[in-house]
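Taking it in order: structure first as structure tokens, then the write-up.
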Amino acid sequence: MTDLQLQNIRTEFPILKETVYKKDLIYFDNGATTQKPQCVIDRISWGYEHMNANIHRGVHYLSQMATEAHEDARTYVANFLGAAKREEIIFTRGTTEAINLIAFSFGEAFCNEGDEIVVSVMEHHSNIVPWQMLCERKKLKLKVIPINDNGELDLEVFKSLLNENTKLVAIAHVSNVLGTINPISDIISISHKQNIPVLVDGAQAVAHIKVDVQTMDADFYVFSGHKIYGPTGIGALYGKEKWLNQLPPYQGGGEMIATVSFENTTYNELPYKFEAGTPDYIGSTALAEALKYIDKLGIENIANYEHELLAYCTERLSEIEDVRIIGNAKEKSAVVSFLIGQIHPYDIGMLLDKLGIAVRTGHHCAQPLIDSLCISGTVRASFGMYNTKAEIDIFIAALKKVVTMLS
Amino acid sequence: MTINDLQDEIIEEFSMFDDWMDKYALLIDLGNTLEPLDTQYKAPQNIIEGCQSRVWLHAELIDGNVVYYGESDAVLVKGIVSLLIKVLSNHTPDEIINTDLFFIEQIGLREHLSPTRSNGLLAMVKQMKMFALAYKAKA
């Protein structure tokens, strides 16, 4: 990305002009949520101003318009992920709801006592707890893939965990703490050799690296809109048609039915079978707008630029004495987790905040991972397409000041 | 001194600083000089678990007054723990139960006590009052 492109991008995100405690905001908490470009914000207002009517049922003009926009958004998401069919995209509230949907519906259809689900130690709680709940409900076992010292999955152990009882592998595409980009294609091909489907948690991936669900051959791929410059409360589940058709609905209600009587209710076809209640058509259309924005810039360009930021930040962090980077995988996304000496992450985060720099501290909703590393948490800087090397310079200077104060 | 006198004293001390970093430097200083909690009290039953940092709290009743001891793994939190102990320690259970901790808001540290901050401090204030209530019930 050229300097000029970067300047343009920054002007398109109104929140970047904010000041906090009279300091220019430096937002390095993109792993938690990303900021929104003006086009996404405008699309939400425009939707309510010009396109608001409940979809799929109305005979009137506005309803038709909203329905078309929602369905166009579905097509856009399908193309963005490289799905074979638009019906393979289910809108959800986000990654968490999408995983819960599969944990429930897949569990109902295919899991019985004694079966096993495989996750990894680096999963976000959202890709652990729904499976634990399934395990409890159906008396299954949860198996966990460990990591090596660099924060990469141990694929040999992974292979040894798979057996005839394994029903599904659920794995993060990118770790929200370590930044590790997992070898998803390898994991999927290993699993598929034993006919085990794979769910990929793409929450930390979609905004940062190219995703193609058909190339990687994922059975399920899930992500959240708000982590890819879109609105909160909307996300998507991609599922291969052959799987989704075999799964029972997750929630019952409007939209997901074909016919209802007190004797017998039949369910709608894909994708509507999984979209009970009024869909968030304002959210879906704004999400599509965010994806268009990404496509305009090119995800490869964004990935290359963020990789530069990652390398620069990693290099500059090494200037600080006793700094310890948590997660040194060869394939890494723009996330830097670190610790400095014995200083508590909370202290660093609080002081950086007062200097206008937003980072995340703590266990990042991945307690099992943090426990396995025998630490109490980390400070995490996670970058987005609008961050700059100049911001990293300010961040490093602030960090040096903070360390002096706390030492 | 009454609890309110002590609160006023802290407010005055913090009012000398306009800059956030100076206020935090004072808090760090308070944290670093807080007497470490006796290891026997750094036990699981004394932990107040927060999402971000941990706080240990222990209380004793000495001559009718509650005396608090506490610690945290984060130094800023320890600084606030030190302030809470300074304000509440050595007062009767009744005085503690009925107190309004206005100094936290006034010195601009309210954010540390917001439920979303989850650093264990809000729970600590509750626990301090619980100790006082328990001693009152025993009396």
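The values are calculated or read from the model by the stated rules, or taken from the named source; none is laboratory data. Here the structure is a predicted model, which is why all the values come from computation and not from measurement. Ideal geometry is used to build each Cβ from the backbone, glycine not excepted, and the neighbour counts take in all protein chains shown.
Observations on the structure shown:
- Within the range A:34-74, if we keep just the residues that are of a type in the set (Val, Ile, Thr) and surrounded by 15 or more Cβ atoms within 10 Å (Cβ to Cβ), the residue that is modelled with the lowest pLDDT turns out to be A:ILE55.
- All of (1) in a strand (DSSP E or B); (2) among the charged types (D, E, K, R); (3) more than 23 Å from the chain's Cα centre (by Cα); (4) within 14 Å of chain B (Cβ to nearest Cβ) hold for A:ARG380 with one exception: (3).
- The number of residues in the range A:67-77 that are free of Cβ contacts under 8 Å to residues at least 40 places away in the same chain and in contact with a strand residue (DSSP E or B) (Cβ under 9 Å, 6 or more places away or on another chain) comes to 1.
- Going through (1) within 13 Å of chain A (Cβ to nearest Cβ); (2) modelled with pLDDT of 90 or more one by one, B:THR99 falls short only on (1).
- Residue within the range B:33-46 that is more than 14 Å from the chain's Cα centre (by Cα), under 25 Å from A:ILE375 (Cα atoms) and either aliphatic (A, V, I, L, M) or surrounded by 21 or more Cβ atoms within 10 Å (Cβ to Cβ) (or both) present: yes
- Verdict on B:VAL87 being part of a helix (DSSP H, G or I), at pLDDT 90 or above and away from chain A (no Cβ under 14 Å): yes
- Scanning the range A:321-343 for residues that are within 13 Å of chain B (Cβ to nearest Cβ) and among the polar types (S, T, N, Q) returns a single hit, A:GLN342.
- Checklist (1) under 26 Å from A:CYS365 (Cβ atoms); (2) within 12 Å of chain A (Cβ to nearest Cβ) applied to B:PRO44, failing item: (2)
- Residues in the range A:344-373 that are within 14 Å of chain B (Cβ to nearest Cβ) and more than 29 Å from B:LEU26 (Cβ to Cβ): A:HIS364, A:CYS365, A:ALA366, A:GLN367, A:ILE370, A:ASP371.
- Residue selected from the range A:292-306 under the condition over 18 Å from the mean Cα position of the chain (by Cα) and assigned to a helix (DSSP H, G or I), by the criterion surrounded by the fewest Cβ atoms within 10 Å (Cβ to Cβ): A:LYS296
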